[in-house]
Structure formats: structure tokens, C-alpha cells
Protein chains: 4
Amino acid sequence: MDMGRCIAACLDCHRTCLATIQHCLTKGGHHAEQAHIRLMMDCAQICATSADFMIRGSEHHPHLCAECAEICRQCAEDCEGHPGSDDAMRACAAACRACAEECATMARPR
Amino acid sequence: MDMGRCIAACLDCHRTCLATIQHCLTKGGHHAEQAHIRLMMDCAQICATSADFMIRGSEHHPHLCAECAEICRQCAEDCEGHPGSDDAMRACAAACRACAEECATMARPR
Amino acid sequence: MDMGRCIAACLDCHRTCLATIQHCLTKGGHHAEQAHIRLMMDCAQICATSADFMIRGSEHHPHLCAECAEICRQCAEDCEGHPGSDDAMRACAAACRACAEECATMARPR
Amino acid sequence: MDMGRCIAACLDCHRTCLATIQHCLTKGGHHAEQAHIRLMMDCAQICATSADFMIRGSEHHPHLCAECAEICRQCAEDCEGHPGSDDAMRACAAACRACAEECATMARPR
């Protein structure tokens, strides 16, 4: 049940980050800064990977979820605190925050 | 709007196929046949890839959707027609069928 | 044998495109234009997906390879023809061109 | 330099695990056991993900590499110690072992 919610949060965060990357590249300037885009690429990928480990029922999922929670937390801060943060970026931060919280409940660092 | 529905159908089919692979491996015997498992692996991956192309708004997404629709159609047939098809496999076939239909509306073969 | 070479070319192109995205984001300006970065993201992903279909020996690989050849061809042109194309971008174009050629030998459009 | 070697080891291990899954499914019986196939699926995916984090130069790569090293280590043991381990499975174990060693040099657990 909890895992089902966590998988949904990961897939939602994956989708939101991937879309927000295109949004930020279109805005350009500091929105397209390498560190910002890269963090969203990291976040999109760890979310997809963590979701897959949970879907497979892998015993390794708690370690992936621990990492996912941390990257999502940083991505949320980056999207929220970014100069010129707009609605799309705040929506991305919200999806990251929600995913970080769900993953934290599944997490067990190695 | 239509694209949003197609993305959701792809992510749902990805998740269902990945879970059904584990189900079929656990049942074993002809459920774990290579051709069957491989087709579900193909389906899970093309769904995730097509979803990402649509999320990015890539102009190449109609070609990916065309391929996705075809693989989903075959996977639905395989899950439904498989000897000893059970509830989980019929649910997988339904997710594949739904995804094939959505992708067909987005598709344009190369 | 041919397939082994094609898989290697796909994995090499995936790696090169992913690295060049970071290079172009760091340079900024028109190097970080959305259409350019998105095409390299498309290319990196279709290469990885095509490689996996070939590695699995999937019967669907010729269709993925057809799509991969086309996207790689466009990505090579974009990296080469881009204003201010530099060594890294020319190396990316070369990896894309090599992958497009290998994939074309495996391709069969749907 | 070390990172380049680690990326290559991850991509090689990804490829080998994905191919060995098909090999084991074809052999069937205990080769197709869920736990065995799932561990190789986990291994193939964490290798691809860790490689991408390194290719992007992400600061999070040491945590992914730590997880990758552990999963590769377990996959190597499983392939080697499996009843009826054959040449393909021993080759898979070797690729996993090589990747585990490279990743261990890059790893920093969270």
C-alpha cells in the first residue's frame, strides 16, 4: 500500500522533472544553468530507477529509496530557491518534496 | 490532453509489465518462457521510452508511439492467449491494450 | 558480429551524447538551446533503448534501429552545423554518425 | 581516468547481465528462478544508472557507485554459486566482479 503510493510519487516526480527541464531550457539564462538541469536529470533518473526496483519487489529498494529521497530533497530546494522560480518550478518542487517524503518512509541507508 | 492520457497509459503499462514479469517468473514453467518474458521486457521499456519522448515534447514521439502501439498489441495478445493465463496476466493484457490504443492515436510510422 | 558492433556503437553514442549535453550546458548561450539539448537527450535515450533490444535479441530491434539511425543522423547534423561547434561537439557528431551507420545496417522500418 | 574505466565496466556489466538473463530464461528450470533473474535485472539497471550519473559528472555518483558495487557483488556470487553454473554465467560473474571492483574505488556510502 505504502509502496504503491511511493511508486506513484516516483513516477510523478520523474515526469514532472523531465517536463521542467524542457521548461527551464526554453526560458534560458540562469534557468538553463548546468548544475540546475543536471540535478533535475539526476532526479528524473533516480525516481524512475527507484520505482522499477519497488515494482520488481527487489530487496535492494530501500537503498535506492534512501538515495532518491536525498536527491529529491535537494532538487526541491533548488527549484524553490532558484532566482526567478516560477509556477512550473514550484510545481516541480512540490512533486520532488512529495516523492522525498514517500521515499523516506521506504528508505534504509546501506 | 490526449498526450497527457497517452503518457499516463504508457507509465501504467510500464509498471504493469514489470510487475507481471515477476509474477510469471514466480509461477515458473511455461509462464517463465523466454519469448514471453522478453516480450514483456520489450513492452516495459518501449513504454517508458515513448513516455519520456512525449514528456520532453520531442518531435520524434509519433515514431516511438507507432512502435509502442505495435509492441503493446503483441504483448496483450501474448498475455491473453498464453496457456494458463490468470488474473494478473489478463490485467497486464488490459493495460497493454489500453496503451496500444492511446499510442495509436499519437502514432505516425516513419 | 554486426550486431555486436552496432550495440557498441549505440552504447558509445549514448555516452558521448550524455557527456556533450553537460558540455553544452556549461558553455551556455545558444549551446544550451532547448531544441539542441532535447535532441541530444532523445539521441542518448534511443541509443540505450536500441542497444537493450539488440542485447535481448528482440525481434523488434530492426524497428528501433531504424528510428535510432534517423535520430542519430539528425543529431550529428545538429552538432556539426551548430554555430560555434567545437571539438566536443564534432566528436559527438562523429559518434552519432558512426551509430547511424551501424544502425542503418540493422534497420527495417515498420 | 578511473571514472572512465568505471563507466566502461558498468556499461559492460549492464550488457552482460541483460544478455545472461536471456540465456538463463532459455535454459529454464532453476536458471529461470525469479530471485536469480530479478537480481540480474537489478544489476543491469543499477549499472546503467551509475554509468549515467558518472557520465553527467553528478556529485551524487559516489552513492550510486556504492550501491552498484554491492549489487554487482551479490550478482557475481549468485551467478557463480548457482547450481549448474555454466560458461555464460561464469562470464557474467566475471563482468559483475570487475564492475564491483571499479565501483568500489568510486564509492562513498551516504
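Where chain B is rotated onto chain C, the residue of B whose Cβ comes nearest the axis, and that gap in whole Å, is B:T49, 2.
From the Kirkwood radius over Cα pairs of the stretch D:68-110, Stokes-Einstein at 37 °C and 0.692 mPa s returns a whole-number translational diffusion coefficient of 315 µm²/s. When the Cα convex hull of the stretch C:3-107 is projected onto planes of every orientation, the mean area is 5.4 nm². Which one of A:A51, A:C17, A:G29 is farthest out on the positive end of the charge dipole of chain A, using unit charges on Cβ (Lys, Arg +1; Asp, Glu -1) and the Cα centre as origin? It is A:A51, whose Cα lies furthest towards the positive end. The separation of the stretch D:45-110 from the stretch C:23-88, counted between C-alpha centres, amounts to 26 Å.
Within 10 Å of the Cβ of each residue in B:31-40, the mean number of Cβ atoms contributed by other protein chains is 5. Structure remark: mean-square fluctuation, Gaussian network model of chain D, C-alpha springs under 10 Å; the largest value among D:E80, D:E67, D:E33 belongs to D:E33.
When +1 charges are put on Lys and Arg Cβ atoms and -1 charges on Asp and Glu Cβ atoms, the dipole computed for the protein assembly as shown relative to its Cα centre reaches about 0 debye. With a Förster radius of 30 Å applied to the C-beta separation of B:R108 and D:E101, the computed FRET efficiency comes to 0.05.
For the stretch D:1-52, the ratio of Cα radius of gyration to the globular rule of thumb 2.2 N^0.38 Å stands at 1.26. Within the straight-line cut-off of under 12 Å between alpha carbons, the aspartates and glutamates reachable from B:K27 are B:D86, D:E33, sequence neighbours fewer than 8 places apart in one chain being disregarded. Against chain B, whose longest principal axis is taken from its Cα atoms, helix B:34-55 shows a tilt of about 20°. Other protein chain C-beta atoms within 10 Å of residue C-beta, averaged over B:48-55: 6.
Computed 3J(HN,Hα) for the stretch D:3-16, one whole-Hz value per residue from the Karplus formula 6.51 cos²θ - 1.76 cosθ + 1.60 where θ = phi - 60°, is 5, x, 5, 5, 4, 4, 5, 5, 5, 5, 5, 4, 5, 5, glycine and proline marked x. Peptide A:7-16 is shielded by partner chain Cβ atoms: per residue, an average of 3 of them sit within 10 Å of its Cβ. Averaging the sequence gap over all C-alpha pairs within less than 8 Å and six or more residues apart, then dividing by the number of residues, gives chain C a relative contact order of 34 percent. In µm²/s, what is D for the protein assembly as shown at 37 °C and 0.692 mPa s, where D = kT/(6 pi eta Rh) by Stokes-Einstein and Rh is the Kirkwood radius from Cα pairs? My calculation gives 153 µm²/s for D. Only helices enter this figure: runs of n ≥ 4 DSSP H residues, each worth -39500 (n - 2.57), summed and divided by the residues of chain B, yield -28500 deg cm²/dmol at 222 nm to the nearest 500.
Charging the Cβ of each Asp and Glu at -1 and of each Lys and Arg at +1, and nothing else, the dipole of chain C about its Cα centre rounds to 140 debye.
Laboratory data are not the source of any read-out in this text; all were calculated from the coordinates shown. Remember, predicted model here, so these are calculated numbers, not experimental data. Here Cβ is always computed from backbone atoms with ideal geometry, including for glycine, and neighbour counts include all displayed protein chains.
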